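To start, the structure itself, in structure tokens.
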Amino acid sequence: MKKIDLNLMSEDTRLAHMGRAPEDYYGVVNPVVARTSTILFPNMAAYEDTDRLYRYARYSNPTSVKFERAMADLEAGYNAVSTPSGLSAITTAMLAFLKPGDHCLVSDSIYPPTRNFCNRYLSRWGVEVEYYDPTIGAGIAEKFKKNTAVVYMESPGSATFDVQDVPAIADVAKKKGIITIVDNSWGGGILFKPIEHGANISVQSATKYISGHADLMLGFAVADHEENYRKLKLAATDLGVFAAPDNIVLAFRGLRTMKIRMRQNAESAMMIAQWLQKRPEVQRVYYPALKDHPTHAIWKRDFKGANGILSILLKDAPREANHAFGDSLTLFPVGSSWGGYESLLQPQVMQTNRVAVPWTEKGAMLRLQIGLEDPQDLIADLEKGFAAFNAAQKK
């Protein structure tokens, strides 16, 4: 079996081949599922060798190691740790670099479960958590304290998709020895690579675009260099965090087609976003690829494209009208995830999830995941929703 030097190949080719090793498995084209807990050693001396790659499946196994190296390649990092969900990747990364007495700056537009972890656990464990305006850029330096240890970003952020100036924030943080962590699930390692823009750690929910099929839970964190990777790995080991090999293999399946799917998602999302901008029922469309998005310029500078997630702020209306809109949709069932093949709708709770810049807008905020359905069918479905929305207000 001829070995392919992926370093000489384009990203499209690397995505099709990374993590594969048919020469190791009798020519089997896909990575093999190593379903095991126990690793056997040939003798006592081998067990005492702490540098062995495989010791116990929770630490690593042939499936997880290939996935982690592939994700490090995808994110242009040193190495990665795999975890059972995107949230566990986030919490593992934060715990790897925070201790009681530290100050942690967190973007105000983060994924709500991340906020819950910060408020319920980091604060309880003696970490001072401070939320900041995601559009602050290099001005974040004014918020640094002597004990600031981590700046946690999510770019674009949840719901409003604020694109942060990661290079500017990473630059001022690095000068102070502060670790920067970026949730890069929106970019997927395809549209944006935080480590190439100066960040120390990039985390992703592989449940989303890498999976692409709405059938697995998986996360990972990638470090920029060996020292930070060792801290990540130690945290994952001590916390007992590991990813199931069956899910990893499903993620490899999704990885092969991720770029093509994202391209289609983005094309459909832009068509639908521009259509939504013209609807009288919609106050605002939040999609960074739109020219009137507040952080469009940073998105255009740093990102290689967009994906299929956007939000709309409906005109202020009774709760019954908002429910009529969502409940009348056929192709947008209510669901919490995104990045799969299917379209989804999820209501966003804004008032309790923004503190640095309080949310004062009136009207329902709805996030739309644009799937792989025909965009004209999706538009027709949304038209039906708006008709129900308008009818409910006349009752």
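Bear in mind these aren't lab numbers, they're just calculated from the coordinates by the rules spelled out. Keep in mind the model is a prediction, meaning the values are calculated, not measured. As a convention, Cβ positions derive from the backbone with ideal geometry for all residues, glycine included, and neighbour counts pool all protein chains shown.
A few comments on the model shown:
- In the chain, the DSSP-assigned H stretches of four residues or longer account for a calculated mean residue ellipticity at 222 nm of -11000 deg cm²/dmol, using -39500 (n - 2.57) per stretch and the full residue count as denominator.
- Taking a straight line from the alpha carbon of Lys145, these aspartates and glutamates sit under 12 Å away, with near neighbours fewer than eight places off in the same chain left out: Asp102, Glu128, Glu130.
- Here the Karplus relation 6.51 cos²θ - 1.76 cosθ + 1.60, evaluated at θ = phi - 60°, turns the backbone of region 231-240 into coupling constants of 5, 4, 5, 4, 4, 4, 5, 5, 7, x Hz, with x for every Gly and Pro.
- Values of log10 I(q)/I(0), in the order q = 0.14, 0.15, 0.22 Å⁻¹, for region 44-137 under a Debye, Cα-only, solvent-free model: -0.71, -0.78, -1.11
- For Tyr132, residues with placed amide H under 5 Å, excluding near neighbours: Val106, Ser107, Asp108
- Dmax and Rg, reported as Rg then Dmax, of region 107-211 (C-alpha, Å): 13.2, 40
- Counting only DSSP beta bridges with both residues in the chain, the antiparallel share comes to about 60 percent.
- A simple packing score, the average count of other Cβ atoms within 10 Å per residue, orders the peptides 296-302, 140-146 as 296-302, 140-146, with the highest score first.
- Distance cut-off 27 Å, percentage of C-alpha pairs in the chain lying past it: 51 percent
- Three-way shape call for region 99-148 based on the alpha-carbon gyration tensor, with the a/c threshold at 1.5: oblate
- Ranked from largest, the principal axis spans of the Cα set of region 1-160 equal 56, 43, 25 Å.
- Residues whose placed amide H lies under 5 Å from that of Thr207, excluding near-sequence neighbours: Gly86, Leu218
- 3J(HN,Hα) along region 356-366: 5, 10, x, 7, 10, 5, 9, x, 7, 9, 10 Hz, from the Karplus curve 6.51 cos²θ - 1.76 cosθ + 1.60 with θ = phi - 60°, whole Hz, x for Gly and Pro.
- Under the Debye formula (equal points on every Cα, no solvent term), log10 I(q)/I(0) of region 266-390 at q = 0.09 Å⁻¹: -0.24
- Per DSSP, loop trypsin sites (Lys or Arg not before Pro) in region 11-64 with at most 10 further Cβ within 10 Å: none
- Pairs of Lys residues in region 223-345 that lie 8 or more places apart, or on two chains, and have C-alpha atoms under 19 angstrom apart add up to 6.
- One equal scatterer on each Cα of region 142-295, no solvent, Debye formula: the resulting log10 I(q)/I(0) at q = 0.09, 0.10, 0.12, 0.20 Å⁻¹ is -0.37, -0.45, -0.64, -1.31.
- Comparing Gln351, Gln283, Gln204 in a Gaussian network model of the chain where C-alpha atoms under 10 Å apart are linked, the largest mean-square fluctuation is found at Gln351.
- Computed from backbone phi with θ = phi - 60° and the Karplus coefficients 6.51, -1.76 and 1.60, the 3J(HN,Hα) list for region 330-336 is 9, 8, 10, x, 6, x, 8 Hz; x is used for glycine and proline.
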